[in-house]
Structures are given as structure tokens and as C-alpha cells.
1. As an exercise: evaluate T27 against (1) open to solvent by 80 Å² or more (accessible area, probe 1.4 Å); (2) among the β-branched types (V, I, T); (3) touching a helix residue (DSSP H, G or I) at 6+ places or on another chain (Cβ under 6 Å) and give the number of the one condition it does not meet.
2. Filter region 44-76 down to the residues that are hydroxyl-bearing (S, T, Y) and either surrounded by 13 or more Cβ atoms within 10 Å (Cβ to Cβ) or in contact (Cβ under 8 Å) with a residue 40 or more places away in the chain (or both) and list them by number.
3. Restrict the check to region 30-50 and report whether at least one residue is in contact with a helix residue (DSSP H, G or I) (Cβ under 6 Å, 6 or more places away or on another chain), of a type in the set (K, R) and farther than 18 Å from E96 by Cα.
4. Would you confirm whether any residue within region 32-55 is more than 13 Å from the chain's Cα centre (by Cα) and under 28 Å from D88 (Cβ atoms)?
5. When you scan region 81-89, do you find a residue that is buried (at least 16 other Cβ atoms within 10 Å of the Cβ) and touching a residue at least 60 places away in the same chain (Cβ under 8 Å), even just one?
6. Go through I68, I34, I74 for me and flag whichever is in a helix (DSSP H, G or I) and under 25 Å from K5 (Cβ atoms).
7. Inside region 49-80, can you point out the residues that are closer than 15 Å to S21 by Cα and of a type outside the set (A, V, I, L, M)?
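The values are calculated or read from the model by the stated rules, or taken from the named source; none is laboratory data. Quick caveat: nothing in here was measured; it's all calculated off a predicted structure. Quick reminder, even Gly has a Cβ in these numbers, built from the backbone with ideal geometry, and neighbours come from all protein chains shown. The area values use the complete protein model at the heavy-atom level, side chains included, leaving out ligands, DNA and RNA. Shrake-Rupley method; radii C 1.70, N 1.55, O 1.52, S 1.80 Å.
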Amino acid sequence: MLSSKAVYILRYFDSTGLAESSRILLTAAGVEWIEENPEWPQEKPNQPHGRMPVLVEKSADDSPDFVICESSNIERYLARSHGFLPVDFKQAALQEQ
């Protein structure tokens with residue numbers, strides 16, 4: 001699991017939708033996170049692949065930010081990083097179905 005010192009930024013529209021599961025996972029993990037609501041479509045070129053939601057993981061040790069997009073990718077990353085999925089790949093696959 002990741003250090004609890006990581007801080008997250010979740011970028012999405014100011015509404016429920018594709019980022020809702022990520023919001024729930026971040027809250028359940030008890031980590032520090034904020035939400036940004038970029039102006040759309042002006043900010044589209046500044047997002048990975050021009051898409052949202054986007055998760056930015058800011059490290060406490062000043063290493064480069066880790067940035068990913070796509071809701072299902074973000075959800076799997078958060079679930080694995082914070083112990084919501086089993087470490088065993090087969091058990092995780094059964095839980096994810």
C-alpha cells in the first residue's frame with residue numbers, strides 16, 4: 001500500500017458520474033484529496049488524452065506527480081493501492097467480476 005502522505009487531486013465535472021466511485025474510494029481510504037473542476041472545453045488539451053476524470057497523486061517527497069485518467073483505471077489503482085482488493089491476482093479477479 002502507498003504511504004498515507006500522498007495527496008490526491010481528482011479532476012472531473014461538478015456532478016456525479018464517472019468520478020463518483022473514485023470519490024467514494026478516496027473517502028473510504030481516508031486519504032487527503034481535493035477535487036478540481038476544470039473549465040471545459042478550454043482545459044481539455046491540458047488533460048491526459050483530453051479526457052476526464054483524471055487522478056493526480058502528489059508525493060510528499062517532491063518526486064514527479066503520478067497522473068492517470070479513465071474512471072475504471074483510476075478505480076482499480078485506488079482499490080489496489082489502499083487495500084480494497086486482495087493481493088492475490090485470482091482472488092482480486094473474482095472480487096472484481
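1. Result: T27 passes all but (3).
2. S59, S71, listed by residue number.
3. Yes: one or more hits.
4. Within region 32-55 (the criterion being more than 13 Å from the chain's Cα centre (by Cα) and under 28 Å from D88 (Cβ atoms)), the answer is no, since none of the residues qualifies.
5. yes
6. I74
7. Across region 49-80, the qualifying residues are P53, C69, E70, S71, S72, N73, E75, R76, Y77, R80.
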